[in-house]
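Below is one structure, written out as C-alpha cells, with a few remarks after it.
The values are calculated or read from the model by the stated rules, or taken from the named source; none is laboratory data. As the structure is a computational prediction, the values presented were derived from the model and not from experiment. Ideal geometry is used to build each Cβ from the backbone, glycine not excepted, and the neighbour counts take in all protein chains shown. Each accessible area value is taken on the protein alone, full model and side chains, heavy atoms only, with ligands, DNA and RNA left out. Shrake-Rupley method; radii C 1.70, N 1.55, O 1.52, S 1.80 Å.
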Amino acid sequence: MNGISVFPNPYNGTTTLNYTLSESANILVELYDMTGRKVNTLANGKQTAGQYHLSVNTLQLAGGTYTLKMSANGEMITIRIVDIK
C-alpha cells in the first residue's frame, strides 16, 4: 500500500482518498470521529493491485476532524481529515 493521499483536505462535505496497491490485498477503510467512534466503513474486501479512488462523504455528519484508518495485509495507515462546514 503506497501513494496514499486525500484531496482536498480540509474539505466541505466530500473528499477523495487516492491509493495504490502494489499487490492484491484485503482492504479495510474506516472513518472515525474524534471520540474514537466508528462512523462509517468505506471499503472492506479483497482488491487487486492498482490505483483506487474512494469518495469520502461526511455530508450527514457534523463538521470537524475525522480519522481515516486504512489497513491492507497487516499494514495500517491513519490519516486525519478536516471537514469544514
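Determine, yes or no, whether T35 is of a type in the set (V, I, T), without any contact (Cβ under 8 Å) to a residue 12 or more places away in the chain and open to solvent by 60 Å² or more (accessible area, probe 1.4 Å). Let's see the steps before the verdict.
On the way: of a type in the set (V, I, T): yes; without any contact (Cβ under 8 Å) to a residue 12 or more places away in the chain: yes; open to solvent by 60 Å² or more (accessible area, probe 1.4 Å): yes.
Against the criterion (of a type in the set (V, I, T), without any contact (Cβ under 8 Å) to a residue 12 or more places away in the chain and open to solvent by 60 Å² or more (accessible area, probe 1.4 Å)), T35 qualifies.
Pull up segment 68-77, narrow it to residues that are more than 17 Å from F7 (Cβ to Cβ) and assigned to a strand (DSSP E or B), then point me to the one that is farthest from the chain's Cα centre (by Cα). Quick ask: steps written out before the conclusion?
Applying the first criterion (more than 17 Å from F7 (Cβ to Cβ)) to segment 68-77 yields 69, 71-76.
So of that shortlist, the ones also assigned to a strand (DSSP E or B) come out as 69, 71-72, 75-76.
Numbers: K69: 6, S71: 10, A72: 12, E75: 14, M76: 11 Å.
In this case the residue turns out to be E75.
Name the pairs whose Cβ atoms lie under 7 Å apart, with the first residue in segment 54-73 and free of Cβ contacts under 8 Å to residues at least 60 places away in the same chain, the second polar (S, T, N, Q) and open to solvent by 50 Å² or more (accessible area, probe 1.4 Å), and 6 or more positions between them or separate chains?
What qualifies is S55/T14; V56/T14; N57/T14; L59/T14; T67/T78; K69/T78.
Please pick out the residue among N12, N57, N73 that is out of contact with any Pro (no Cβ under 8 Å at 6 or more places or on another chain), open to solvent by 30 Å² or more (accessible area, probe 1.4 Å) and at positive phi.
Details: N12 fails: at positive phi; N57 fails: at positive phi.
Exactly one residue qualifies, and that residue is N73.
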